[in-house]
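Working notes, structure below.
The values are calculated or read from the model by the stated rules, or taken from the named source; none is laboratory data. If you're wondering where the values come from, they're calculated on a predicted model, not measured in any experiment. Please note: Cβ atoms are built from the backbone with ideal geometry, for glycine as well, and neighbour counts cover all protein chains shown. Each accessible area value is taken on the protein alone, full model and side chains, heavy atoms only, with ligands, DNA and RNA left out. Shrake-Rupley method; radii C 1.70, N 1.55, O 1.52, S 1.80 Å.
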Amino acid sequence: MKLPYAEPFRIKMVEEIRQSTRGEREIWLKEAKFNLFNLKSSQVFIDLLTDSGTGAMSDTQWGAIMTGDESYAGSRSFEELHNTVQSITGYKYLLPTHQGRAAENVLFSVLVKDGDIVPGNSHFDTTKGHIEIRKAHAIDCTIDEAFDINDLHPFKGNINLEKLEEVYKKYPKEQIPFCLVTITCNSSGGQPVSLENMKAVKELSDRYGIPVYFDSARFAENAYFIKKREAGQENRTIKEIAKEMFSYGEGMTMSSKKDGLVNIGGFIALNDEELYKKASNFTIIFEGFITYGGMAGRDMAALAVGLNEATEFAYLESRISQVEYLGNKLIEYGIPIQKPIGGHAVFIDSLNFLPNVSRSEYPAQTLGLEIYKEAGIRTVEIGTLLADRDPETRENRYPKLELVRLAIPRRTYTNNHMDYIAAAVKNVYERRNEITKGYQITWEPEILRHFSVHLEEADGIVELQPK
Ligand code: F0G
């Protein structure tokens, strides 16, 4: 008999999670203003809100925590992290930050100004926020296939070179500080970018004198997909592929909470000394001295180990095959999900799932709330709430897809949890025709509204404008 797949780890420590009743959950949802971010973790049985900072560290990482060096300047743990980042990315300079968006804040403080244009592949929301808060604009140049959930293109994070060149032709070089390639592309469904595409983006951008940077939160998962799907890459190690990926850019921002396998942290890695010096000033103002940038020495030590673990094939295989396991179960139950299945999450197409809920009543949010009511599973909306309003017209921006993301924390849940999740979603799917009403906004902040928006059950009255 062929031996089945088994995870390359065993579990050394467990954390209790508790079931609740449907009645309890209905009360908690009302108290949370129908925003899943407002729930307490004790009100959640399986938490799929995010894969960011929610994973389990290895015994080796916990060991490194004990030996971290807390020196304010020149810490040994910084040095370990610097050496690791250099060996994985090839970039010379490292600036730690407290998380990914802080890296964006520091780097964009140097590079992005009022009126600038930043093309890329479906920028993540904090990234877009950091561009728009500087009165600049993000232009999405992702390939069209990414927006058809049934298209099986193996690299749906790819940039369409014609769309990118159009941007390069339309705006003067001085107005385009860089092109940003997000690997994997979270906003289009955890979809990878191919090496071939990265290389082509680099060549095109070089011709127009525009630098390329990577938003690298899930770079190791991207490298795994390249190994599995791109011709000629199957015999290379993840580390070799990652090195080549980064060779097609001038630098990167990183949220270490994903493929750094730690609970908090981020960094910028760069080759250009002048840029590094300028960014160092902003690091000191916003984050802390340049050899810790908002991170404890022990956290940098754990991150150095985590980056090495995350770029091992055996780890990535267990990680991504668990996400696939859940995705395939949902496909088996007839549930419309984005295909191919992404690296860190399964995305449910709520427009297909809940055809009776109008787009102005936030069908993806509605579905997320139904899944929580059903089984205590917390997901996140990747739809109109997240897409926010147009900064000028203040109208809702309706994205091409209205998704519910089931993000899987790394090394945290078992496949029994995956079976439970799939059964819960199936139960909601079976009563989908009874779900006809969505939600309306009662309060929202100026930007990044999905984190704190207040909602109520829709009554057909036009939604309120932000105060
Ligand atoms: N870039 C990408 C592609 C991300 O997915 C995230 C965070 C960030 C940047 C920002 O990093 O959270 O460390 O400040 N994504 C999380 C998520 C929040 O749930 O997808 P951060």
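Structure data summary
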| read-out | value |
| --- | --- |
| Accessible surface of the chain [probe 1.4 Å, protein heavy atoms]: carbon and sulfur percent | 52 |
| Theoretical gain in end-to-end length, S20 to E162 [0.36 nm per residue, Cα-Cα removed] | 46.0 nm |
| Distance between the stretch 279-339 and the stretch 424-440 - C-alpha centres, whole angstrom | 32 |
| Per residue, in Å², the accessible surface of the chain once ligands and nucleic acids are set aside, probe 1.4 Å | 42 |
| Kyte-Doolittle mean at least 0.5 and Cα axial length at least 24 Å: DSSP H helices in the chain | none |
| Gyration tensor (alpha-carbon) shape descriptor, the stretch 59-310, a/c threshold 1.5 | oblate |
| In nm, spacing of pseudo-spin labels at T393 and Q86 (7 Å Cα→C-beta vector) | 5.1 |
| Pairwise FRET efficiency - D206 versus E234, Cβ, R0 = 45 Å, nearest 0.05 | 0.95 |
| Cβ-Cβ FRET estimate between E79 and E31, R0 fixed at 45 Å, reported to 0.05 | 0.40 |
| Rounded D (µm²/s) - the stretch 210-298, Kirkwood Rh over Cα pairs, Stokes-Einstein at 10 °C, 1.306 mPa s | 110 |
| In nm, spacing of pseudo-spin labels at N328 and K169 (7 Å Cα→C-beta vector) | 4.5 |
| By average C-beta atoms within 10 angstrom, highest first, the peptides 321-331, 433-443, 288-298 | 288-298, 321-331, 433-443 |
| Cα-Cα P(r), the chain, percent of pairs per 20 Å interval | 25, 59, 17, 0 |
| The chain: antiparallel DSSP beta bridges as a percent of all, rounded to 5 | 65 |
